Amino acid sequence: MYLHIFYRTSMALKKIINPWYNYPGYNCFGCSPDNPIGLHLSFYEDGDYIVSTWHPSKNYQGWIDTMHGGILSTLIDEVCGWVVTRKMQASGYTVQLNVKFRKAVPTNEPELTIRAKVDKQVRNLVYLHAEITNSKGELCNEGEVVYFLMNEEKSKEMGFLQCKVEGE
């Protein structure tokens, strides 16, 4: 069994303002609040980490009463994308996603915590580490993700100008 102690920094969580919310055509499965079948994730900055919580349901099952691995992978990919958006202040895209499924996640799990941070940057590649823990603090999934960072010009073409937190 893997047990993960969720480390809380002394800083208060800061809600990230979604920079694409009013962008024409924005309907992300992970983070759009208006996507009728989406995950409706919102994100918070917690020191070096970007964090989100999510409540599973039977609509996202793979096997009976068990979360689908693709949805869990999506949660990891999405939080890593928001690390790039907030911490790197750029747009980017996934070039590699490796997920380790440590513990099955039941569809009736009260709440999952998804968090990620930058491990390193090599030129325009960002290496990130992500994890999903259940409501007991047990490590369920880990992800090693590589994102390609778009330059400022390409980020602007994608509609990205900046990513702020509330009160900034």
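Could you tell me which numbered condition GLY159 fails, if it satisfies all but one of (1) touching a strand residue (DSSP E or B) at 6+ places or on another chain (Cβ under 7 Å); (2) under 22 Å from ASN18 (Cα atoms)?
(1)
On the given criteria, is ILE17 of a type in the set (A, V, I, L, M), in contact (Cβ under 8 Å) with a residue 40 or more places away in the chain, crowded, with 19+ Cβ neighbours inside 10 Å and closer than 25 Å to LEU149 by Cα? Let's see the steps before the verdict.
Details: of a type in the set (A, V, I, L, M): yes; in contact (Cβ under 8 Å) with a residue 40 or more places away in the chain: yes; crowded, with 19+ Cβ neighbours inside 10 Å: no; closer than 25 Å to LEU149 by Cα: yes.
No; evaluated as a whole, the condition is false for this residue.
Taking the range 1-23 only, how many residues are at pLDDT below 55, in a loop (DSSP other than H, G, I, E, B) and of a type in the set (A, V, I, L, M)?
First pass over the range 1-23, keeping only residues at pLDDT below 55: 1-10.
With the extra rule that they be in a loop (DSSP other than H, G, I, E, B), the set shrinks to 1-2, 4-10.
The next check asks that each one be of a type in the set (A, V, I, L, M); those that pass are 1, 5.
Qualifying residue count, the range 1-23: 2.
For VAL99, state whether it is in a strand (DSSP E or B), touching a Gly at 6+ places or on another chain (Cβ under 6 Å), at negative phi and not aromatic (Phe, Trp, Tyr). Break it down stepwise before answering.
Working: in a strand (DSSP E or B): yes; touching a Gly at 6+ places or on another chain (Cβ under 6 Å): yes; at negative phi: yes; not aromatic (Phe, Trp, Tyr): yes.
So VAL99 passes the test.
Within the bounds of the range 37-52, is there any residue that is out of contact with any helix residue (DSSP H, G or I) (no Cβ under 8 Å at 6 or more places or on another chain), closer than 30 Å to LYS156 by Cα, of a type in the set (A, V, I, L, M) and without any contact (Cβ under 8 Å) to a residue 12 or more places away in the chain?
Looking for residues that are out of contact with any helix residue (DSSP H, G or I) (no Cβ under 8 Å at 6 or more places or on another chain), closer than 30 Å to LYS156 by Cα, of a type in the set (A, V, I, L, M) and without any contact (Cβ under 8 Å) to a residue 12 or more places away in the chain, one finds at least one in the range 37-52, hence yes.
Would you point out the residue of the range 97-141, among those that are over 20 Å from THR53 (Cβ atoms) and of a type in the set (Lys, Arg), that is farthest from the chain's Cα centre (by Cα)? Let's see the steps before the verdict.
Going residue by residue through the range 97-141, those that are over 20 Å from THR53 (Cβ atoms) are 97-98, 100, 118-127.
Next, only the ones that are of a type in the set (Lys, Arg) stay: 100, 120, 123.
Numbers: LYS100: 16, LYS120: 17, ARG123: 22 Å.
Among them, the one singled out is ARG123.
Determine, yes or no, whether GLY81 is within 25 Å of MET158 (Cα to Cα), touching a residue at least 60 places away in the same chain (Cβ under 8 Å), surrounded by 14 or more Cβ atoms within 10 Å (Cβ to Cβ) and not acidic (Asp, Glu). Give the steps one after another, and end with the answer.
Details: within 25 Å of MET158 (Cα to Cα): yes; touching a residue at least 60 places away in the same chain (Cβ under 8 Å): yes; surrounded by 14 or more Cβ atoms within 10 Å (Cβ to Cβ): yes; not acidic (Asp, Glu): yes.
Considered against the rule, which asks whether it is within 25 Å of MET158 (Cα to Cα), touching a residue at least 60 places away in the same chain (Cβ under 8 Å), surrounded by 14 or more Cβ atoms within 10 Å (Cβ to Cβ) and not acidic (Asp, Glu), GLY81 comes out as yes.
Please work out which residue is surrounded by the fewest Cβ atoms within 10 Å (Cβ to Cβ), limiting yourself to the range 143-153 and to residues that are without any contact (Cβ under 8 Å) to a residue 60 or more places away in the chain and among the charged types (D, E, K, R).
GLU153
Consider HIS129 against the criteria (1) in contact (Cβ under 8 Å) with a residue 40 or more places away in the chain; (2) within 30 Å of SER155 (Cα to Cα): it satisfies all of them except one. Which criterion is unmet?
(1)
Name the single residue that is farthest from the chain's Cα centre (by Cα) among those in the range 40-61 being in a loop (DSSP other than H, G, I, E, B) and surrounded by fewer than 19 Cβ atoms within 10 Å (Cβ to Cβ). Step through it out loud before you land on a result.
So in the range 40-61, the residues in a loop (DSSP other than H, G, I, E, B) come out as 40-43, 47-48, 55-57.
Still in the running and surrounded by fewer than 19 Cβ atoms within 10 Å (Cβ to Cβ): 40, 42, 47-48, 55, 57.
Values: HIS40: 11, SER42: 9, GLY47: 15, ASP48: 14, HIS55: 14, SER57: 18 Å.
For the range 40-61, the residue satisfying everything is SER57.
The values are calculated or read from the model by the stated rules, or taken from the named source; none is laboratory data. For clarity, every value in this text was computed on a predicted model and none was experimentally measured. Note: ideal-geometry Cβ built from the backbone for every residue, glycine included; neighbour counts use all protein chains shown.
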